[in-house]
Amino acid sequence: MQKILDHWEKVIEDPQTYLEELNQRTGRGIVGVFPLYYPMELIWVAGAHPWELWGNAAPITKADAHMQSYACSLSRSNLEAQLDGRLDLLDGVVFARKCDTLQNLATIWENLPDGRLIDVMRFPVNPGSAGAAAFLRSEIIRNRDRLGSLFDAQMSDEDLSETIRLFNRLRRGLRTLLSMRASTPKTVGIRTWYTALRASRIVDREEFLEQLEELLDALGEPDPEPAAPRLLVTGMIPEPVNVLLELEAQGAVVVDDDLGIGMRSVATDASEQGDPVAALVQQYLSRGPCPTLHNDAHDRPAYLVDRAERAGVDGVVFFRLKFCDPEAFDYPDCKEALDKAKIPTLLLETEWQSAQTGALRTRIQAFVETLGSGEAK
Ligand code: SF4
């Protein structure tokens, strides 16, 4: 188990070396994917390898010449990586147009000397409207065909269904791991589940699935664990990771998440039967609440309260990347609903590049102290 985690951490630390080696070994082209919800099955079935670009902690200097410094550090750090050559190994990038920042960044990217923008997946602005499914279907088909012609791939519907089966297995495995946090949160601690989530967006998917299944077998049936304050974490991505780890250092355990890189993206499978494009459309339209989905039918505040109560948590921690507007717009209503349900909350506003985390540490310590030992649960 330790060997697998160490391998994944090495890949997260230096994805370029791993992916260059993967490219040489398998011949698969590498496609960068801007989160969130781009159907990575389309890249895999075209014979390429998707690397979901969740940002990085390297200092940002060059990107500021192209993009305002009050954009989120996920988008700015990816742009910086492109500008200083760390994305040279890519055959191109695809964008999921999930927010204003990404919409603008796709245009900037397209105009970079070596931007290699493959396509932008536009999603229905109103997923509840009558035309949403047809619109998304045409977007998926255009993206699929563009990837197919870039990689010279002949893809049948059965090939796409087969790929959907692979990605469903991957999501199911991750869900199994994440669900183990509720019963044995100390055994499946932050290092284990968060490393798995990050690595699942980089590592060869078949290799990752094998390693994940081996890790799940090794975890077996752990013994019951002593009480500790139980937390739900929410947001896009909880970086820097040392802030996330501080929750455990202060004696709390994370038993559930509502993270973009976590449950939000692995909770929903696509149907393995029938038309695979329709399956991907349906998967997207049936996703749970997320501020990037703009779904009027979703009541995210009520959903968060319900999720927190089901998981029996003592508190909810909001990880908000600075300047992430979708998350910021949702926050007041979510906090109000959790306050009404008497569930304590903590808002941590971070950037990938946050180096001074002392003040955040103090706030986490104070928050966990107010939650007590968690014995009441
Ligand atoms: S603003 Fe938020 S949703 Fe948009 S790219 Fe940044 S982190 Fe993602």
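Summed over the stretch 125-163, residues that are under 10 Å from L42 (Cβ atoms) and either aromatic (F, W, Y) or at pLDDT below 95 (or both) total 1. Within the stretch 323-340, is even one residue outside any helix (DSSP H, G or I) and more than 16 Å from the ligand (Cβ to nearest atom)? No; the residues of the stretch 323-340 include none that is outside any helix (DSSP H, G or I) and more than 16 Å from the ligand (Cβ to nearest atom). Can you spot a residue in the stretch 355-364 that is assigned to a loop (DSSP other than H, G, I, E, B), under 23 Å from the mean Cα position of the chain (by Cα) and at pLDDT below 95? Looking through the stretch 355-364, at least one residue is assigned to a loop (DSSP other than H, G, I, E, B), under 23 Å from the mean Cα position of the chain (by Cα) and at pLDDT below 95.
Kindly indicate which of R165, R181, R169 is crowded, with 20+ Cβ neighbours inside 10 Å, basic (K, R), assigned to a helix (DSSP H, G or I) and under 21 Å from the mean Cα position of the chain (by Cα). Just a single option satisfies the conditions, and that option is R181. Taking the criterion of being touching a Pro at 6+ places or on another chain (Cβ under 6 Å) and within 19 Å of V277 (Cα to Cα), the residues of the stretch 92-141 that qualify are A132, F135, L136.
Sort out which residues of the stretch 4-39 are in contact with a Ser or Thr (Cβ under 9 Å, 6 or more places away or on another chain), more than 16 Å from the ligand (Cβ to nearest atom) and either part of a loop (DSSP other than H, G, I, E, B) or not hydrophobic (A, V, I, L, M, F, W, C) (or both), and write them in order of number. Result: E9, K10. What tally of residues in the stretch 291-302 results from selecting those that are of a type in the set (A, V, I, L, M, F, W, C) and at pLDDT 95 or above? Looking only at that region, the number is 1. Listed by position, the helices (runs of 4 or more DSSP H) inside the stretch 226-290 whose residues that are farther than 23 Å from A311 by Cα number at least 1 are 241-249, 276-285. Note on the stretch 87-118: residues that are in a strand (DSSP E or B) and touching a residue at least 40 places away in the same chain (Cβ under 8 Å) amount to 6.
Residue check: A279 meets all listed conditions (1) under 22 Å from P240 (Cβ atoms); (2) more than 16 Å from the ligand (Cβ to nearest atom); (3) within 21 Å of the chain's Cα centre (by Cα); (4) small (G, A, S) but one, namely (1). Apart from one condition, A328 fits all of (1) within 21 Å of S69 (Cβ to Cβ); (2) touching a residue at least 12 places away in the same chain (Cβ under 8 Å); the exception is (2). If we scan the stretch 47-68, do we find a residue that is within 14 Å of the ligand (Cβ to nearest atom) and among the polar types (S, T, N, Q)? Yes; the residues of the stretch 47-68 include at least one that is within 14 Å of the ligand (Cβ to nearest atom) and among the polar types (S, T, N, Q).
All of G315, G262 fail the test of being in contact (Cβ under 8 Å) with a residue 60 or more places away in the chain and more than 26 Å from R169 (Cα to Cα), apart from G315.
Scanning the stretch 181-199 for residues that are among the small types (G, A, S) and touching a residue at least 60 places away in the same chain (Cβ under 8 Å) turns up A182, G189, A196, A199. Scanning the stretch 72-86 for residues that are crowded, with 22+ Cβ neighbours inside 10 Å and either away from the ligand (no atom under 13 Å from the Cβ) or touching a residue at least 24 places away in the same chain (Cβ under 8 Å) (or both) returns C72, S73, L74, S75, S77, N78, L79, E80, A81, Q82. For the stretch 40-82, a residue qualifies if it is assigned to a helix (DSSP H, G or I), within 21 Å of P240 (Cα to Cα) and in contact with a Phe, Trp or Tyr (Cβ under 9 Å, 6 or more places away or on another chain), and the qualifying residues are S73, L74, S75, R76, S77, N78, L79, Q82.
Based on what the data block shows, is V305 part of a strand (DSSP E or B) and modelled with pLDDT of 95 or more? So V305 does not fit the description; no. Being in contact (Cβ under 8 Å) with a residue 24 or more places away in the chain and under 30 Å from R122 (Cα atoms) is a property that holds for R307. In this entry, V94 passes the filter for residues that are closer than 19 Å to M121 by Cβ, more than 12 Å from the ligand (Cβ to nearest atom) and under 17 Å from the mean Cα position of the chain (by Cα).
Residue check: is V120 within 16 Å of the ligand (Cβ to nearest atom), out of contact with any helix residue (DSSP H, G or I) (no Cβ under 7 Å at 6 or more places or on another chain) and of a type in the set (V, I, T)? For V120, the condition - within 16 Å of the ligand (Cβ to nearest atom), out of contact with any helix residue (DSSP H, G or I) (no Cβ under 7 Å at 6 or more places or on another chain) and of a type in the set (V, I, T) - is not met.
The values are calculated or read from the model by the stated rules, or taken from the named source; none is laboratory data. Here the structure is a predicted model, which is why all the values come from computation and not from measurement. Please note: Cβ atoms are built from the backbone with ideal geometry, for glycine as well, and neighbour counts cover all protein chains shown.
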